[in-house]
1. Scan region 107-144 residue by residue and report those that are over 25 Å from the mean Cα position of the chain (by Cα) and either among the hydroxyl-bearing types (S, T, Y) or crowded, with 21+ Cβ neighbours inside 10 Å (or both).
2. Would you pick out the residues in region 66-95 that are more than 24 Å from L165 (Cα to Cα), open to solvent by 10 Å² or more (accessible area, probe 1.4 Å) and either aromatic (F, W, Y) or touching a residue at least 60 places away in the same chain (Cβ under 8 Å) (or both)?
3. Against the conditions (1) within 18 Å of R194 (Cα to Cα); (2) modelled with pLDDT of 95 or more; (3) not in a helix (DSSP H, G or I), where does L138 fall short? Just the number, please.
4. Tell me, which strands (runs of 3 or more DSSP E) lie completely within region 1-89 with 1 or more residues that are at pLDDT below 95?
5. Would you pick out the residues in region 122-144 that are among the β-branched types (V, I, T) and in contact (Cβ under 8 Å) with a residue 40 or more places away in the chain?
6. Name every residue in region 158-178 that is surrounded by 12 or more Cβ atoms within 10 Å (Cβ to Cβ) and among the polar types (S, T, N, Q), in order of residue number.
7. Take E20 and tell me if it is loosely packed, with under 12 Cβ neighbours inside 10 Å and under 19 Å from G236 (Cβ atoms).
8. Could you please give the count of residues in region 185-209 that are surrounded by fewer than 14 Cβ atoms within 10 Å (Cβ to Cβ) and outside any helix (DSSP H, G or I)?
Amino acid sequence: MTPSTPQIELGLDTFGDIPEDGHGTPVSEAEAIRRVIEEGVLADRVGVDVIALGEHHRSDYAISSPETVLAGLATRTERIKLASGVTVLSSDDPVRVFQRFSTVDAMSGGRAQVILGRGSFTESFPLFGFDLADYDTLFEEKIQLFSELLKEEPVTRQGTTRSPLTDAQVHPRTESGHLDTRVGVGGSPQSVIRAARYDLPLMLAIIGGSPARFAPYVDLYRRAAAQYGTTPHPVGMHSHGFVADTDPGGGGHRLAALQAQPRPARRRARLAAGDASVLRGRDRPRVPVHRLTRDRRPAHRQRPARHRRPALRHGLHERQHPGRRPAARGRAVRPRGRAAGT
């Protein structure tokens, strides 16, 4: 009996970035939100598994209330999962977060997904009257309470960051009895351990650098789950990338042809698609030396094989000899100070 193939879900996420119109003028925040709705509708139509909307409270992002936009998407989509990415639990109230997402869950027929995080940006703390000195305490106490709310039973709990609850039943409860909840982690081992302790799946937020740096967090999550006796759930990953372009014709979002995008956009799109050739510096993977191109010059211009150093494919070069320049694509390198053919 062969083991089943693990299921992989692919999704999109956005903070509701403020794009520019065809004249280089930023669109309104309201228009940016409407475009996110259209993006989600298109994603649902073409088979994307998840769309996640992040929470920010600043001028360059339009979405401050992800669940409100997700509620709008719930009425216009049929199958795509509707997630936050992330909900800043530290500066919110766990009871209200549960109520809002259980409402989205009802509207969407069980497709809501909340990803809880501490927030890589901290603008919500002063906005809602929280002290950044309590950053860790706020998240610890609130995720404890949220894990109790997920049982959808009367809750009694007392902490230092909010008023106590005594035998409180929170409504509305989900139809299935389960609200899909994950913990978003961008670099905190403590949050990884919390996810395992409260039996919640882990979502890694890879904001920059090589994804390989986050492998120890996956190992820590599994070891912590074994220690607490909880389930080592499949691990999710969020990573920045460019996957769509704004349609200047007013038709919402479209998957633009790669050739038609500006050079920076092409680079982001290729990176999002897994094309490592656009990476630079220490994160650039080394291509095996055997992946070399042949010398494509006419035979009478080709140098003897002993002097050739063909270029690597996709523009990735490896210096095999100190002091020699990398080759242009598809050509050999001429050693410095020596004439061709000598």
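The values are calculated or read from the model by the stated rules, or taken from the named source; none is laboratory data. Treat the numbers as computed from the prediction; the structure is a model and nothing was measured. All Cβ positions, glycine included, derive from the backbone under ideal geometry; neighbour counts span all protein chains shown. The accessibility values were calculated without ligands, DNA or RNA, using every heavy atom of the protein model including side chains. Shrake-Rupley method; radii C 1.70, N 1.55, O 1.52, S 1.80 Å.
1. T137
2. The answer is K81, G85, V86.
3. The number of the failed condition is (3).
4. 11-14
5. Of everything in region 122-144, just one residue is among the β-branched types (V, I, T) and in contact (Cβ under 8 Å) with a residue 40 or more places away in the chain, namely I143.
6. Listed by number, the residues that qualify are T161, T174.
7. Here the answer is no, as E20 does not meet what is asked.
8. 3
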